[in-house]
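*Asks:* Submitted below is the structure of interest, expressed as structure tokens.
The values are calculated or read from the model by the stated rules, or taken from the named source; none is laboratory data. All values reported here derive from a predicted model rather than from experimental measurement. Using ideal geometry, Cβ is built from the backbone for each residue, glycine included, and neighbour counts are taken over all protein chains shown.
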Amino acid sequence: MSTVRHGLYLPPFGPFGDPAVLVDLAGRAQAAGRDGVFLWDHVAAGVPPIAAPWTALGAIAQATRTIRLGPMVTPPARRRPWVLARQASTVSRLSGGRLVVGTGLGSDESGDFSRRGEPLAERSARFDEALGRVRAIWTGEPVRRRGAHFRADLDGSAPEPRPIPIWDGAVRRAPAGPRPRRRRRRRRPPRWAAPLRRRTSRRWSPRCSRRTGRSTSQWRTTRARRGTSPRTSISPRSPKRA
């Protein structure tokens with residue numbers, strides 16, 4: 001049976017741009033029985049000051065003991081994968097494994113991409129590639145990969161002592177991509193017009209008799225030639241003479 005959990009979702013700028021305020025709110029949330037505290041991850045904000053989310057999360061990890069914490073969400077498309085992996089590893093160890101890394105494509109409402117020359121059209125590809133690098137670094141194995149967007153040549157290190165969960169976030173109002181072209185459904189031809197599966201057939205539909213005014217006993221089968229239509233493969237049987 002699933003359990004509904006409650007937490008705080010805070011923007012680290014404006015009234016909450018002071019890291020001391022964020023740490024104080026996290027401590028109050030833990031005392032009030034909340035389950036988590038999560039911070040936005042934006043580079044540019046409309047209301048200064050703005051706090052670095054990962055630095056604030058490290059302070060929250062030291063000031064709390066039970067609640068979960070993490071960014072909600074951080075876009076790997078505009079971050080260096082090796083830096084993101086080390087930041088998450090540091091906060092995870094400080095918090096004793098309470099970190100949850102929320103990821104997403106990222107929003108450009110405040111110019112996080114456009115003001116810094118980051119291509120919006122490549123967000124999806126950069127997201128997949130960067131997240132793959134982060135997971136590989138957490139395993140502790142050497143990472144020597146050259147992708148379309150990131151190149152990494154890192155030596156091996158100790159693997160993460162605790163697994164770091166990753167959540168993917170999305171919104172409904174995000175612009176949809178081109179819709180796939182709908183395939184027209186082909187109408188199934190009636191039985192009386194269907195091609196013969198065999199060279200000879202003695203199964204006739206009642207529709208055939210209703211359309212022609214003849215009963216099924218007045219039809220005889222003939223061998224169909226190649227290149228002829230199904231209608232030419234049948235011929236009416238002449239009625240018996242008295």
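*Asks:* Run down 127, 113 and say which single residue is under 24 Å from residue 144 (Cα atoms) and either out of contact with any Ser or Thr (no Cβ under 7 Å at 6 or more places or on another chain) or not assigned by TED's automatic domain parsing to the domain that holds residue 157 (or both).
*Replies:* Going through 127, 113 in turn, just one is under 24 Å from residue 144 (Cα atoms) and either out of contact with any Ser or Thr (no Cβ under 7 Å at 6 or more places or on another chain) or not assigned by TED's automatic domain parsing to the domain that holds residue 157 (or both): 127.
*Asks:* Could I ask something else about it? What is the residue count in region 102-139 for residues that are over 23 Å from residue 38 (Cα atoms), among the acidic types (Asp, Glu) and assigned to a loop (DSSP other than H, G, I, E, B)?
*Replies:* The qualifying residues number 1.
*Asks:* Here's something else I'd like to know. Looking at 46, 14, which one is modelled with pLDDT under 95 and at positive phi?
*Replies:* 14 is the lone residue from the list that is modelled with pLDDT under 95 and at positive phi.
*Asks:* Among the residues of region 89-100, are any more than 16 Å from the chain's Cα centre (by Cα), of a type in the set (D, E, K, R), closer than 22 Å to residue 56 by Cβ and in a helix (DSSP H, G or I)?
*Replies:* Yes: region 89-100 contains one or more residues that are more than 16 Å from the chain's Cα centre (by Cα), of a type in the set (D, E, K, R), closer than 22 Å to residue 56 by Cβ and in a helix (DSSP H, G or I).
*Asks:* Here's a check for you: in region 1-49, which residue that is assigned to a loop (DSSP other than H, G, I, E, B) and of a type in the set (D, E, K, R) is farthest from residue 169 (Cα to Cα)?
*Replies:* So the residue we want is 18.
*Asks:* When both residues are 6+ apart or on different chains and their Cβ atoms are under 8 Å apart, which pairs have a first residue that lies in region 134-156 and is over 20 Å from residue 77 (Cβ atoms), and a second that is in a loop (DSSP other than H, G, I, E, B) and among the polar types (S, T, N, Q)?
*Replies:* If the second residue must be in a loop (DSSP other than H, G, I, E, B) and among the polar types (S, T, N, Q), the pairs left are 140/157.
*Asks:* Yes or no: region 43-56 includes at least one residue that is over 27 Å from the mean Cα position of the chain (by Cα) and over 29 Å from residue 114 (Cβ atoms).
*Replies:* Scanning region 43-56 turns up no residue that is over 27 Å from the mean Cα position of the chain (by Cα) and over 29 Å from residue 114 (Cβ atoms).
*Asks:* Among the listed residues 71, 48, 81, 11, identify the single one that is surrounded by fewer than 13 Cβ atoms within 10 Å (Cβ to Cβ) and in contact (Cβ under 8 Å) with a residue 24 or more places away in the chain.
*Replies:* 48
*Asks:* Exactly one condition in (1) part of a helix (DSSP H, G or I); (2) surrounded by 16 or more Cβ atoms within 10 Å (Cβ to Cβ) is false for residue 55; which is it?
*Replies:* So the condition that residue 55 fails would be (2).
*Asks:* Would a scan of region 25-43 turn up a residue that is in contact with a helix residue (DSSP H, G or I) (Cβ under 9 Å, 6 or more places away or on another chain), surrounded by fewer than 18 Cβ atoms within 10 Å (Cβ to Cβ) and of a type in the set (A, V, I, L, M)?
*Replies:* Yes, region 25-43 contains at least one residue that is in contact with a helix residue (DSSP H, G or I) (Cβ under 9 Å, 6 or more places away or on another chain), surrounded by fewer than 18 Cβ atoms within 10 Å (Cβ to Cβ) and of a type in the set (A, V, I, L, M).
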